[in-house]
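Remarks on the structure that follows.
The values are calculated or read from the model by the stated rules, or taken from the named source; none is laboratory data. Note that the structure is predicted; figures quoted are calculated from it, not measured. Here the Cβ is made from the backbone with ideal geometry for all residues, glycine too, and neighbour counts use every protein chain on show.
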């Protein structure tokens, strides 16, 4: 049975301290290459933990898909998109699913904080896009879905920098 994403999804884009000005001079038609994705979060799944993922690999796939879906990806593009994963937590799904309440057992949402950097052909950073996401722990696959949401936000801002100013 396919489970739909509940309305309780909580998503938050934080734009304080951003460097979006460079985006105003970027033409999305110039194309974007997929750059490096680095995991600086320090998060590690437990040994043999069910559902464990490799964060930079999941973010790389999410970013490639988002760039493709937005029509931005171009192997010969003028710009490269690099991403640092700054913070990640898969959330506390078990306590949410079991309805456990009490000391230390409150459902914790999955959360992800990334910073995308747009680099020109000369290796110069022309823009920085910080994105934070939180998704309710009872969302099916939240611990992975959150990467798709963050990548989509990055590409949306690349295409339309005015959307970052909200």
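If the condition is being touching a strand residue (DSSP E or B) at 6+ places or on another chain (Cβ under 7 Å) and either modelled with pLDDT of 90 or more or over 10 Å from residue 110 (Cα atoms) (or both), then the stretch 125-142 contributes 125, 126, 127, 128, 129, 130, 131, 132, 133, 134.
Taken over the stretch 32-54, residues that are modelled with pLDDT of 95 or more and either surrounded by 14 or more Cβ atoms within 10 Å (Cβ to Cβ) or closer than 19 Å to residue 111 by Cβ (or both) amount to 9. Can you spot a residue in the stretch 101-113 that is under 15 Å from the mean Cα position of the chain (by Cα), buried (at least 18 other Cβ atoms within 10 Å of the Cβ), modelled with pLDDT of 95 or more and under 19 Å from residue 61 (Cα atoms)? Looking through the stretch 101-113, at least one residue is under 15 Å from the mean Cα position of the chain (by Cα), buried (at least 18 other Cβ atoms within 10 Å of the Cβ), modelled with pLDDT of 95 or more and under 19 Å from residue 61 (Cα atoms).
Within the span defined as the stretch 56-63, one or more residues are at pLDDT 90 or above and within 19 Å of residue 127 (Cβ to Cβ). Scanning the stretch 54-74 for residues that are farther than 15 Å from residue 157 by Cα and touching a helix residue (DSSP H, G or I) at 6+ places or on another chain (Cβ under 6 Å) turns up 58, 59, 62.
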